[in-house]
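Rule-based calculations on the coordinates, nothing more; no lab input. This is a predicted model, so every value here is computed, not measured. Positions of Cβ are backbone-derived with ideal geometry, glycine not excepted, and every protein chain shown enters the neighbour counts.
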Amino acid sequence: MTDIGGGKTWATLATAVALLAAGPVGAQGQQKPASVGKPLPTVRLFDGKTLSGWERKAVHGGNGGIWAVQNGLLVGDQEPEHKGGLLGTTRSFGDAVIELEFKAVGFPLDSGLFLRTQPNGNGYQLTIDIKPDGSVGSIYVPSDGFVAQDKTWKAKYRESDWNTLKAEITGQPARVRVWLNGQQTVDFTDTKERLPRTGYVGLQVHGGGGSWGADSRIQYRNVRVTPLATNVAGDDPLTSKRTQWWRDAKYGMFVHWGVYAAAAGYWDGKPVSGAGEWIMNTAKIAPTAYESLAPKFHPTAYDARAWARLAKDAGMKYLVITSKHHDGFALYPTKVNRWNVADATPFTGRDPLKELADACRAEGIRFGLYYSIMDWHDPDAVRGKADASYVPRMKEQLREVITRYQPSVLWFDGEWVDWWDEAKGRDLEAYVRSLKPDVIVNNRVGKRKLTDGDYETPEQEIPRAALGERLWETCMTLNDTWGYKRDDNNWKSSEGVVRRLADIAGKGGNFLLNVGPDATGVIPAESAHILREAGAWVRANGEAIYGTTYAPLPAPAWGRLTRKGDTLYAIVLDRPKTPGAPLRLEIADPVSKASLLRGGATVRVAAAGPGAVDLYLPEAASAEPLATVVKLTVPGGALTPVRSRAERTAAGEPLPAQANGSYALSADGAALRGGGPLRLEGDAVSNIGYWTDAKGYVEWFVAPERPATYAVEVEYACEPGNGGPFAVQVGPATVGGKAEPTGGWQSYRTLRLGTVSVPARRHAVTVKATGPFSGGLMNLRAVRLVRQ
Ligand code: FHN
């Protein structure tokens, strides 16, 4: 928290004051009153007994301040050397009303309330200060110094007595209103839109000033937050009954089917690159020419029941099929135009969507529909014409499919066209919800804003970590195309499917995995085989997937963790190479019992130092083909968050060793240094890529308790024509190597570089280029320090 020192801060203060001069900010119509959403159930942030739901945030050079529960009160104090800190909620909030009571016991050095705070403390947040001069009110955003400060605002709080503070923050740009003891003291709008849409709520105890030991405590009680609905549905998708089935389902089938299947990736007898369903665009085919595909779309082998049964066998709980893709072809008999299966193809008298909707219901699979806003076939689906003619036609088609097939999910796409905007998105969302209030809608109904629809839609990738405050679903192809292409046989393996599902479930997301049936109506045999093979595992271990969410624990290198109440599921994707060797699990809470999910054989749990246990898999575990699930009971269910490896490395903290004293330093725990395009990427397993700048390097920290010698191994991949010399430095010791091509950016191999010996202390471990290299140095997956 910068005191009003820096010039820059002065500048913004000046503007802010100017703003104020205009009287309560906003009176001049600067701020459009944010539409305050419907209040959702109030959440008690402080239960009067524990600090569950809170974690100390290392900001302002402190480690979070000293926080304790005393006689039902939340008491904050600064650390020695006047280091201040923040106690933040583990959950993030968007639009909300925060209410609390505070009492300044001694001489609180600048305490206060933080809103929309970013996990890493970087970036903007909003601070409502409780100042030593007894005033509450100055609002400021870091690095801009004081945004606004004016005497009229500085309502005085009652010293050594309880005060009520209420803050409401809504919209983007954010509008903030604050009441002290019922009197409004602030009405501020972040016109520069610096504040993010969401962030955690923080209670601050500020360091500096006053001599340590002087009573600088602040007491809080009755701390609660009432989230305000920001979505059209007017509820909180994270917790509402409306989304419960979807959150529990975790795994669904995506179906891309249409006349492009008749092209199968070819036009004029020539293969066309890119995704099959994009052939009209990629091959620049005019609508009239493209219509020649329709007569070839005659799916006589179409068996909707078989599709629904395959989804079931795969362990999938819902299915989303393309009712209309970008080519505008409607896979159902629409009355809106003749470019549909009934009027344009020989597949007359049948309604593929009706048959599939019925089949899904018969198999207990939830039915959903994909609909493309972009439409290459409709001449009015362009800027300037769409609003008047195309959008009404689109709405009519949506009315048709919603009323006829009652989809549980509407999966919009193609929203990136320049004639579509947020307002149209909210209008369309309100329209489809008026037709089916409980429908679940993805964020592509609008412009993928955090307030659009119910969930995020990462495509062909898996987020690095749980998104926490937002539902999400990764959609992915089984090969490299969504629509059928007869030559695309780059299939993922069933093991790859299970690993991705475990990774996604371990981050609290859903997985929508695609099939592209051919023009006869048959789902490619390879797809069916992979889904069934993975499905055997999913159905046998479903308890560890369905109805679970993520655990606030670092994902182990050997697997993924899901959680349901006080049960933790450890999905072991890589069993120990050395028989009988344990698996190290970082967890701060006691594990009362552990067993194999399948068969129930006991798993021995041994303490492994502070914040970790070792799991010893019984023989029976090796019977599992794809992955083994260990079911652990953590009494009380309140898992103490353990920070991720990346967070600890970012804080310069050493990562824990494995049971055998070795270190597995994975890409997702590294700090990326030196700037440049270096980045973390990859889907099921992360790697560091885009290593094209020699200044870029990666770093971790280790701290062996005794002097140690390690064999250094590097797991990397390198495309022909790339690569070069590099070195791994472990504290004072360095070993060098050369990243030779490995056959491709996804063909990983392990390179043994030699051994290093280091004393018992904290060491930085870095990987740096040591000479010129062509293209990219390597894709780095992990560095292993194998204890000798
Ligand atoms: O362009 C489409 C693509 O064809 C496919 O439908 C995917 C599925 O999520 N969505 C779009 C690309 O983002």
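For the pair ASN337 and GLU193, the difference between a 0.36 nm per residue extended length and the Cα-Cα distance amounts to 47.5 nm. Take the convex hull of the alpha carbons in segment 269-401; its mean projected area over all directions comes to 9.2 nm². As a calculated quantity, the FRET efficiency between ALA651 and TRP245 at R0 = 35 Å, using C-beta atoms, amounts to about 0.35.
Separation of segment 451-490 from segment 271-301 is 23 Å, based on Cα centroids. Taken about its Cα centre, the chain carries a charge dipole of roughly 940 debye when the Cβ of each Lys and Arg holds +1 and the Cβ of each Asp and Glu holds -1. Note on ASP574 and SER160: the model spin-label points, each 7 Å out from Cα along the C-beta direction, lie 6.1 nm apart. Dipole orientation for the chain: of the candidates ALA502, GLY37, ASN163, ASN163 has the Cα lying most toward the positive pole (charges on Cβ; Lys, Arg +1; Asp, Glu -1). For segment 656-788, what percent of Cα pairs sit more than 24 Å apart? Counting pairs separated by more than 24 Å, the tail of P(r) holds 22 percent. The modelled label-to-label distance between ALA536 and LYS395, using points 7 Å beyond Cα along the C-beta direction, is 5.2 nm.
Remark: segment 535-542, residue by residue, has Karplus-estimated 3J(HN,Hα) of x, 4, 5, 4, 5, 6, 10, x Hz, where x stands for each Gly or Pro and the curve is 6.51 cos²θ - 1.76 cosθ + 1.60 at θ = phi - 60°. Stretching ARG404 away from GLU526 to a fully extended chain increases their span by 40.7 nm, per 0.36 nm per residue minus the current alpha-carbon distance. Simple rule: put +1 on each Lys or Arg Cβ and -1 on each Asp or Glu Cβ in segment 494-597, find the dipole, and look at LEU512, SER527, PRO552; the Cα lying farthest toward the positive end is PRO552. One decimal place: the segment ARG752-ARG673 gains 26.1 nm when fully extended, by the rule 0.36 nm per residue minus the C-alpha distance. Hull volume per residue, based on the alpha-carbon atoms of the chain and their convex hull, is 178 Å³. Taking only the alpha carbons of segment 502-648, we obtain Rg and Dmax values of 16.8, 60 Å in that order.
With a simple spin-label model that places each label point 7 Å from the Cα along the Cα-to-Cβ direction, the separation between GLN183 and THR709 comes to 7.5 nm.
All C-alpha pair distances within segment 435-563, sorted into 5 Å bins from zero, spread as 2, 10, 17, 19, 18, 16, 12, 5, 1, 0 percent across the bins.
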